[in-house]
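Read the figures in this text as sums done on the coordinates, not as results from a lab. It should be emphasised that the depicted structure is a prediction, and the values quoted were computed from it without experimental measurement. Cβ atoms come from the backbone with ideal geometry, glycine included; neighbour counts cover every protein chain shown.
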Amino acid sequence: MLLPYKFKLPGILMIFAGAILTFFYFGFDFRFEMPVLALFSSYMESKFFATFRTNIADELIMILFLSGLFMLSFSEDKNELDFYKSLRIKALIKTAVAESIIVVLILLFVYGTGFMAFSIINLFLPFILYLIIFNILKKRARVN
């Protein structure tokens, strides 16, 4: 149930676009304002089902990274071998274990703004860990 191989390139391009927008967002205060519908918003006051204009550059960046990492993680390799299925399952299990350990350590030892930063990073971390672990498992399987 993987995506076809042709999704890898758009995934890489989305990650690259997200990285470029991140550079402009933090380096040059890139803004992309438009009206949005918020199911819940809490700035000066709490609002439910409200519309307002806001900078959606950070949401756009995160959507690009998440979509790109998803496509990269769950697309077939160019020469997808049958035994890669078992490697993918092993990689998913190892990713879940590593992610759980990392989250517990962060919950125990990181507070305040650092915790909020990790919460955002943790949106992408499982995909990154999966890609690293899967590629390590593939390399080990080729050596044997």
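Below are the figures for this structure:
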| quantity | calculated |
| --- | --- |
| Paramagnetic label zone (point 7 Å from Cα along Cα-to-C-beta, ILE128; backbone N under 17 Å) in segment 80-100 | 95-100 |
| Virtual spin-label span in nm between GLU45 and LYS90, 7 Å along Cα→Cβ | 5.8 |
| Size of electric dipole in the chain: Cβ of Lys, Arg +1 and of Asp, Glu -1, about Cα centre, debye, nearest 20 | 680 |
| Anchor LYS138: aspartates and glutamates whose Cα lies under 17 Å away (excluding residues fewer than 8 positions away in-chain) | GLU76, ASP77, GLU80, ASP82 |
| Charge dipole (the chain, unit charges on Cβ, about Cα centre) - positive-most of ILE101, PHE23, ILE63 | ILE101 |
| Integer Hz, Karplus 6.51/-1.76/1.60 couplings in order for segment 32-42, x for Gly and Pro | 9, 8, 7, x, 9, 9, 10, 5, 8, 9, 9 |
| Dipole-positive endmost among SER73, LEU137, PHE40 within the chain (Cβ charges, Cα centre) | LEU137 |
| Directionally averaged shadow of segment 81-144, computed from the convex hull of its alpha-carbon atoms, nm² | 4.7 |
| Highest average packing first - 60-67, 80-87, Cβ atoms within 10 Å | 60-67, 80-87 |
| Compactness of segment 1-78, expressed as Rg and Dmax over alpha-carbon positions, Å | 16.0, 51 |
| From phi via Karplus (6.51, -1.76, 1.60), per-residue ³J(HN,Hα) for segment 67-75 in Hz, x at Gly/Pro | 5, x, 5, 4, 4, 5, 6, 10, 9 |
| For ALA50, residues with placed amide H under 5 Å, excluding near neighbours | ALA38 |
| Spin-label model distance (nm) - PHE118 vs PHE23, 7 Å beyond Cα toward Cβ | 3.0 |
